Amino acid sequence: MTFSEDQVRARLSELDGWSYDGKDLVRLCVFPSFMDAIRFVGRVAEAAESANHHPNIDIRYDSVRLAVHTHSENGVTERDFALAKEIDRAINIA
């Protein structure tokens, strides 16, 4: 079941640094170096594979933009919030 825009916006407080662009949950992460960003992307990839739910990832030198929505539902679902929380955990791993 997809969430309405109001439901998504109400739940954003559960996440650290995420926003909603009308389609995706979005987070921009900035790292000290390119390699730190790449290591983070590897951790996100592991979490995404485990969940069988994959974000769109845009890497720009030391920054990574993640966008998440459930393609099969054409909207934001509980799976997206769960993956966003896993991504938040991946940020905090040194």
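Run a plain Debye calculation on the chain (Cα atoms as equal point scatterers, no solvent) and give log10 I(q)/I(0) at q = 0.16, 0.24, 0.25, 0.26 Å⁻¹, rounded to two decimals, same order as the q list. Ignoring solvent entirely, the Cα scatterers give -0.60, -1.26, -1.34, -1.42. For the chain, the longest principal axis of the Cα atoms and the long axis of helix 78-91 meet at an angle of about 20 degrees.
Alpha carbon centre of the range 9-28 versus the range 51-90: separation in Å? Value for the Cα centre distance between the two parts: 10 Å. Helix 34-51 and the longest principal axis of the Cα set of the chain meet at an angle near 40°.
With the simple model of a label 7 Å out from the Cα in the direction of the Cβ, R9 to D88 spans 2.0 nm.
Every number here is computed from the coordinates shown, using simple stated rules; none is lab data. This structure is a prediction, so every number in the text was calculated from the model and none was measured. Neighbour counts are summed over all protein chains in view; Cβ atoms, including those assigned to glycine, are modelled from backbone coordinates with ideal geometry.
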